[in-house]
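Visitor: Here it is: the structure, laid out below.
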Amino acid sequence: MSDLHKPPLDAEDRRAVAPVICYPNETLPVPQIDLYRSARATAQKVDEVLVPPRDACSFRVPAGQFFRISSVEGSQVGDLNLWNANNLSERFYSGKTRALHGTHITTGERMWTAFPYLRPMATITEDTLGWYGIDAFGGSVHDVIGTRCDPYTGNLLAGSQYHYCCHSNLTRALADATGMSLAEAEPFVHDVLNVFMCTGFTRDTGQYFMKASPVRPGDYLEFFAEIDLLGALSACPGGDCSSEHSSDTAACYPLKVEVFAPADGALDGWQSPEPNGYDQSHGR
Ligand SMILES: [Zn+2]
């Protein structure tokens, strides 16, 4: 080890420096949760899809409506992609959502869209797993730290050809929803919200871990659509993600998606958010 790489004499002092939050989020626009809740109380179900195990389905939610993802039959995690239904290049931005809200999201927090839009696309209004908090391993539920299980990583690590990873499931669902070919649809598939998945990073090695999801049939996560949404949800081949994914080994169950429309006038005073106000001149 060269001298340059030896810990300095003040190494412990440097490690002891207190962290600061990268993006203090007190100035984020606050969702009108009370208005959303009163509107939700007037809402009627207008659509329902059942996502088969190891497959994905698409759904559409106009701005101002709600959608609920429910566990049915057994413990199962879901990989969620969201797009602006009118412009697929405006899609969920997992990394910035993580930077703004943290590694896992729950009631009152939002899914944000990619640059140059960077606006809320969906707000979580109900989370029956909100009680879970952060466990002794540093794990929590509904993460924006994972990517989505995919056949490329499986091929890289194990030489496999598996076709029912969430990435492929979402690609097929988007192609079916839009009429695009698989090759056209694939680049629009993006890092997901891992619905019901329990994950974290190990404290000793910093590795991404998963553990059996605490979700049980009847649990749900509900969202308010801030803009017109096209969604796709994959019932992950990992099932409850207690052991492995990227294979047909784990027990898998369906997931239910329901869409609810509030009564006319129930959202008076609410407006769909505008795209981000940065002028995009980038210094020129
Ligand atoms: Zn998956």
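Visitor: List the relative contact order of region 211-284 as a percent without decimals, with contacts defined as Cα pairs under 8 Å and 6+ residues apart.
Guide: 26
Visitor: Then there is this: In percent, how large is the relative contact order of the chain, given Cα pairs closer than 8 Å and 6 or more residues apart?
Guide: Relative contact order here is 35 percent.
Visitor: Rounded to the nearest whole Å³, what is the per residue volume of the convex hull around the Cα atoms of region 1-90?
Guide: 296
Visitor: Need one number: the % of Cα-Cα pairs in region 234-274 sitting beyond the 10 Å mark.
Guide: 77
Visitor: Enumerate the lysines that K96 could reach by cross-link, defined here as Cα to Cα under 29 Å, with residues fewer than 8 away along the same chain left out.
Guide: Within the straight-line limit of under 29 Å, K96 reaches these lysines: K211, K256.
Visitor: Would you mind putting 267-276, 15-24 in packing order, based on average other-beta-carbon counts within 10 Å, highest first?
Guide: Top to bottom by mean Cβ count within 10 Å: 267-276, 15-24.
Visitor: Which lysines have a Cα less than 26 Å from the Cα of K6, not counting those fewer than 8 places away in the same chain?
Guide: none
Visitor: For region 86-211, calculate the relative contact order in percent as a whole number, restricting contacts to Cα pairs under 8 Å that are 6 or more residues apart.
Guide: Relative contact order of region 86-211: 25 percent.
Visitor: Dividing the Cα convex hull volume of region 115-228 by residue count, how many Å³ per residue is that?
Guide: Once divided by residue count, the hull of region 115-228 is 166 Å³.
Visitor: Can you tell me what percent of all Cα-Cα pairs in the chain are more than 23 Å apart?
Guide: Cα-Cα pairs in the chain separated by more than 23 Å: 56 percent.
Visitor: Taking the Cα centre of each part, how many Å lie between region 175-245 and region 87-112?
Guide: Rounded to whole Å, the Cα centres lie 13 Å apart.
Throughout, read-outs are computed from the coordinates displayed, never taken from laboratory work. All values reported here derive from a predicted model rather than from experimental measurement. Ideal geometry is used to build each Cβ from the backbone, glycine not excepted, and the neighbour counts take in all protein chains shown.
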